[in-house]
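What follows is a set of notes on a single structure, which appears directly below.
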């Protein structure tokens, strides 16, 4: 045993025993980790889009239920939730008796009520659409509103969220 220890000490003194990793080995490990990281990033790329769509569908169903409850009690629900309008009523204020807090994800979509109808709009489309603060353009003569502003879609179930452009 003493002879073995003396041999190891001699080799260590002669630097024949490697004490760590070489630069090549470290570079190979870094490259492999980089490839794995890239695979994970690309595989999770669609998660944000699909989660925004699912959230939109859920929030729309919540608003639809609250609006139906208000209509069943023949409550007059005011127009609310328009984009970029200061001082106007928010959708949770309009439905305060029927919903505790308004769900939403304003970075992806927004909801509005006009004329007792629920509308959904993509935040990306509404920011660039002309006259997109309200879902419907009311003609200057005061006639019944007829033209839907670009970026807004009347809520007709979960398909409305796809139609807004949340999912490309």
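Each value in this text was obtained by applying a stated rule to the coordinates, not by laboratory testing. All values derive from a computational prediction rather than experimental measurement. FYI the Cβ positions are ideal-geometry reconstructions off the backbone, even for glycines, and counts take in every protein chain you see.
List of remarks:
- Neighbour counts of other Cβ atoms within 10 Å put 114, 25 in the fewest-to-most order 25, 114.
- Ordering of 59-72, 32-45 by packing [mean C-beta count within 10 Å, highest first]: 59-72, 32-45
- Extension gain, residue 6 back to residue 44 (0.36 nm per residue minus Cα-Cα distance, nm): 8.1 nm
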